[in-house]
Structures are given as structure tokens and as C-alpha cells.
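J.: Quick one: the structure is below, questions incoming.
The values are calculated or read from the model by the stated rules, or taken from the named source; none is laboratory data. Please read these numbers as outputs of a predicted model, since none were measured by experiment. Cβ coordinates were reconstructed from backbone atoms using ideal geometry, including for glycine residues, and neighbour counts include every protein chain displayed. Just so you know, the surface numbers come from the protein's heavy atoms only, side chains and all, with ligands and any DNA or RNA stripped out. Shrake-Rupley method; radii C 1.70, N 1.55, O 1.52, S 1.80 Å.
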Amino acid sequence: MIQKLGKKFTDIFQRFMPDAFVFALLLTLITAALSMTWVGATPLTVIRSWYDGFWMLLEFGMQMVLLVVTGYSIALSPQVNRGIDRLARQIRSPRQVYFLVVLLGSLFCLVSWGWMVITAVLGRELALRIKGIHYPYLIACIYFSNLIWVCGLSSSIPLLLNTPGNFIIEAGILETTLPTVNTLGSGLNLAMLSLIVVTGPLLMHYLAPKTEEVPTLEKLLGSESDKASTSIHEEAQLPKLPFRAFSDLLNNSVILQYVIAISGTVYLVHHFMTRGLDLNLNIMIFIFLILGLFLHGTPMRYVIAMKRASGNISGIVFQFPFYAGIMGIMIYTGLGEKLALWMASVASVDSVPFFAFLSGALVNFAIPSAGGEFAVIGPSIIKAVQEIGASLPPEELNALISRAVMSVAYGESLTNLLQPFFLLVIIPVLGAGTKIQARDIMGYLVIPFLLFLVLQLAVVTLWPL
């Protein structure tokens, strides 16, 4: 029955959900309408806020592009392909693949949410090797595995609050930083982490669709085939001149590439020795970049790998500014702050986590970036918690604030299952050579969303303070 219900949701999404870009345009109009009707912003104010926000994600967008192409280029190396071949020989069925990508993807995302790209690479390569894999559902499994990232080392909200001189402290809302032992190291977060790691892989294994016509990657690629294409090593030999040339020597120089790669490795060692486990986006991209240099061996091979990995990134390049525009409307018209204040006004000490979770979940549709979202609603939520818990002892008040901010993070992460923004990060890898769209994938995530909505709300509400 649940599988039939999952198929029904998939049919509904395929029928009614537009392309991810159209989704962004519709969200822009909805956010603008709310700003004018609820906040009282004038149309010109809304348009100016939209334009001012349009450029807020340029750095983030470029980071996403580099994350995708550097991560995908690693997968195109012969060493990684051989490793995946060995793994594929140990797997017997598509259901084992679904279980494996959710489990490994969750563990990867505990280190950094950007490692979802690694799971995407693994999933695509397994789909090329193992027969009978329902490819749209496999993509849904990979996207689902990112649910856990807010419990891990790259969770932006708790890391922000533990940063000296952060904007919450500068605004006078908090006097000191909020240690990560109170947020990421709390019993609540460990319980949430365990819930996702244990339940997620089993759930997606169980929900795997049963259909007579399985849309495998091989069928979706049609006549094209990744395996049938010219290898990177072969393509690197094609531009060579028929006689010995200095330019060809440089293009295919292992020494030149390894000198640069070793220099980058020296910096990485220095970085982690002096800063500890500081895995920000820039460092992750740099790791992928240096690793790719080592794996491909020569400049020409690496150039070809990067070119192949860059073939499907248009969605990130032109859609991120539109989501940034929505973010601008939320920030500059005051809509985000008003929504947070409204949520806080109906909360009590016991229900604060519940409403903080809902705030994070709702605002995420308009601002699908945890750090950006918290910049909009975080100050209002913390102030409201301080007012509601004014009679509590300082330790209990800090625990309540920690629970509220983590609840915002959990809500934000959960509604990513219905928000295709971060799907744009893995579609360039998984959708290359196919016509797969968000509507082909999102329906498989409705039941996981509903189940985890109930489970996560129960945990944030009932877990002892």
C-alpha cells in the first residue's frame, strides 16, 4: 500500500510540478505577494529588494559549480572507476544499492554536506554496472541522504553561533558564543543523528518502487553510453602534433602537474595542523581539486575531465541568482523577521522547539540556505526564546536556545526534500546525458518527508531539556 501511495505521489509531481526554474519563478511571485499583503511593502520596494538580493549568492553559486565539477572529475579517473568496479561486484540487487547510497551518503554528509557529490558519483557509476536499478528513485535516495547534514561537522547554524564576534553577538542578542557541545554535541542532536542513520536506509530500501518497466540509466541514456565514449587517456593523445613539440611535452607533463599537486598538499597539511578539522566549502573544493590533479596525472587529462564534468551545470549558474532574489525580498522587506516573530508569539517554553522547527521548515522554501535563512529569522527566534524563558535558570535558558536553533536547522533540512534547490548540485552529475527533471524525483520523497516530519517533531518536542 505504501509503495502504491509513493507511486501516486510521483504521478502527481510529474503532472503538476514544473521545471526547477519555473518553481523558482513561482516562489518569487508568492514571496512578493506575501510581502505586499502581510508586511505592507510597496511593489517598488519588493522589486528593489528582489534586485538587491539577486547577487547575494554569487560566491555560493561559484562554490557549487566548482564543487560539482571537481567532485565529478575525480569520478572520471581510472583509479576511482576500478574501485567502484570492485564494490559493484559485491552487490547483488538494486535494493542493496538504495540501502548503500543512503547509508554511505548519510555518513559522507556528516563530514560535509558537499560530499553529497561523492554519493552522486558513486550512485551513477553503480547504476551503469548493476542491472535493474530504478534510476529516478536512486537519485531520490541520494538526495534524501543529505537530510542528516545539519547534525554533522558542516552544520552552518551551530558553527556560526560558536564563531567569536558573529552577527548575533554584534547585535547584542547573545553575550557569548554558543559552544557546539550545546548544539552538535547535545543529546538531542545525537538522538536525531541516530534516528536518521538507522531509519533512513531501511526506509528507502523498503519504499523501492516495483514496476514492470524500470527506468534504468541505460534506457534513459538511449543510444549514448558513458562506457562507449572515448577514454580521457585516449582523448588526451588526439591533439598531439605528428612530431615532437615542446607544447605537447608541457600538456602531458606529469612532473608539472605533480609539483602543483604536492604544493597544494603542503598547504592542506598546514591548514589542518594549524586550524584543526576546519572543513569549509573552500577547503573541500581545494581538496577535490588537488586530488583530481593527482588522479589524472597530466594537465591535458585533467582539462578533459573538467570539461566533461562541466557539461550540465547551467541550472546552478542561472537559477541561484533567482533564489537569491527571493532571499532579498525576505530580508529587505522584513517578511522573514515578521514570520519568525509571529511564530514566536504563539509559543511557550514547551512548544518553542516545535514552532522553531516549523519556522525553519517554512522559510526554507524561500531561502534554501541554512546560513542565509538563520540570518533572516535567527535573531527574532533567539530574542523570543529569551523572553519566553526569562524565568529559567541561565543553564536551562541556554539549553532552550540551543534546542530552538537546532530545531530551525532540522526543519530547514527536512523541507529540502520538497525543495529542488540543492537537487541542482547533484543533477549535473546524475542527470548527464538524460532528460531527468526534478518532477521525476521529488514524488519519491513525499512519504519520507511525512514520516520524518512526525518523527523529528516528536524528538525536538519530547526529548528532555
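J.: I'd like to check something: does the range 74-97 contain any residue that is open to solvent by less than 10 Å² (accessible area, probe 1.4 Å) and modelled with pLDDT under 90?
T.: Looking for residues that are open to solvent by less than 10 Å² (accessible area, probe 1.4 Å) and modelled with pLDDT under 90, one finds at least one in the range 74-97, hence yes.
J.: Could I ask something else about it? Regarding Val181, is this residue open to solvent by 60 Å² or more (accessible area, probe 1.4 Å), of a type in the set (Val, Ile, Thr) and under 30 Å from Glu395 (Cα atoms)?
T.: Spelling it out, Val181 is indeed open to solvent by 60 Å² or more (accessible area, probe 1.4 Å), of a type in the set (Val, Ile, Thr) and under 30 Å from Glu395 (Cα atoms).
J.: Examine the range 205-217 for a residue that is over 27 Å from Ile130 (Cα atoms) and in contact (Cβ under 8 Å) with a residue 60 or more places away in the chain, and state whether such a residue exists.
T.: No: the range 205-217 contains no residue that is over 27 Å from Ile130 (Cα atoms) and in contact (Cβ under 8 Å) with a residue 60 or more places away in the chain.
J.: What pairs can you find where one residue is in the range 393-411 and farther than 21 Å from Gly371 by Cβ, the other is buried (at least 24 other Cβ atoms within 10 Å of the Cβ), and their Cβ atoms are less than 8 Å apart, with a gap of 6+ or different chains?
T.: Sorted first by the residue in the range 393-411, then by its partner, the pairs are Leu397/Val385; Leu400/Val352; Leu400/Val385.
J.: Oh, and also: If you scan the range 407-462, which residues turn out to be assigned to a helix (DSSP H, G or I), of a type in the set (S, T, N, Q) and under 13 Å from the mean Cα position of the chain (by Cα)?
T.: Matches in the range 407-462: Ser413, Thr415, Asn416.
J.: In the set Lys131, Lys227, Lys210, Lys240, which member is open to solvent by 40 Å² or more (accessible area, probe 1.4 Å), under 26 Å from Ala88 (Cβ atoms) and modelled with pLDDT of 85 or more?
T.: Lys131
J.: Report whether or not Ile401 is under 27 Å from Gly40 (Cβ atoms), open to solvent by less than 10 Å² (accessible area, probe 1.4 Å) and not small (Gly, Ala, Ser).
T.: no
J.: Go through the range 292-319 and give me each residue that's without any contact (Cβ under 8 Å) to a residue 24 or more places away in the chain and either in a loop (DSSP other than H, G, I, E, B) or under 18 Å from the mean Cα position of the chain (by Cα) (or both).
T.: Passing the criteria: only Ser314.
J.: Have a look at Thr298, Thr265 and point out the one that is among the polar types (S, T, N, Q), at pLDDT 90 or above and crowded, with 20+ Cβ neighbours inside 10 Å.
T.: One residue alone meets the criteria, Thr298.
J.: Residue by residue through the range 191-206, note down the ones that are open to solvent by 20 Å² or more (accessible area, probe 1.4 Å) and closer than 23 Å to Gln437 by Cα.
T.: His205 - this is the single residue of the range 191-206 that is open to solvent by 20 Å² or more (accessible area, probe 1.4 Å) and closer than 23 Å to Gln437 by Cα.
J.: Looking at Leu281, Leu291 in this structure, which one is at pLDDT 90 or above and either open to solvent by 10 Å² or more (accessible area, probe 1.4 Å) or out of contact with any Cys (no Cβ under 9 Å at 6 or more places or on another chain) (or both)?
T.: None of the others qualify; the one that does is Leu291.
J.: Continuing with this model, one more query. Scan the range 372-421 for residues that are aliphatic (A, V, I, L, M) and within 29 Å of Phe144 (Cβ to Cβ) and jot them down.
T.: Once the filter is applied, which keeps residues that are aliphatic (A, V, I, L, M) and within 29 Å of Phe144 (Cβ to Cβ), the range 372-421 yields Ala375, Val376, Ile377, Ile381, Ala404, Val405, Met406, Val408, Ala409, Leu414, Leu417, Leu418.
J.: Looking at Ala347, Ala384, Ala390, which one is touching a Phe, Trp or Tyr at 6+ places or on another chain (Cβ under 7 Å) and either farther than 27 Å from Gly114 by Cα or without any contact (Cβ under 8 Å) to a residue 40 or more places away in the chain (or both)?
T.: Ala347 is the lone residue from the list that is touching a Phe, Trp or Tyr at 6+ places or on another chain (Cβ under 7 Å) and either farther than 27 Å from Gly114 by Cα or without any contact (Cβ under 8 Å) to a residue 40 or more places away in the chain (or both).
J.: Does the range 158-186 hold any residues that are closer than 12 Å to Pro379 by Cα, in a helix (DSSP H, G or I) and among the aliphatic types (A, V, I, L, M), and which are they?
T.: Once the filter is applied, which keeps residues that are closer than 12 Å to Pro379 by Cα, in a helix (DSSP H, G or I) and among the aliphatic types (A, V, I, L, M), the range 158-186 yields Leu161, Ile168, Ile169.
J.: Can you pull out the residues in the range 306-324 that are aromatic (Phe, Trp, Tyr) and open to solvent by 70 Å² or more (accessible area, probe 1.4 Å)?
T.: Phe318, the sole residue that qualifies.
J.: Can you tell me how many residues in the range 410-427 are surrounded by fewer than 24 Cβ atoms within 10 Å (Cβ to Cβ) and of a type in the set (Ser, Thr, Tyr)?
T.: Number of matching residues: 1.
J.: Residue by residue through the range 335-373, note down the ones that are over 24 Å from Thr163 (Cα atoms), among the small types (Gly, Ala, Ser) and over 19 Å from the mean Cα position of the chain (by Cα).
T.: Within the range 335-373, Ala344, Ser345, Ala347, Ser348, Ser351 qualify.
J.: For Leu465, indicate whether it is part of a loop (DSSP other than H, G, I, E, B) and either within 27 Å of Ala309 (Cα to Cα) or open to solvent by 10 Å² or more (accessible area, probe 1.4 Å) (or both).
T.: In short, yes.
J.: A further question follows. Quick one: would you say Leu138 is more than 26 Å from Ala409 (Cβ to Cβ), touching a Phe, Trp or Tyr at 6+ places or on another chain (Cβ under 9 Å) and crowded, with 24+ Cβ neighbours inside 10 Å?
T.: In short, yes.
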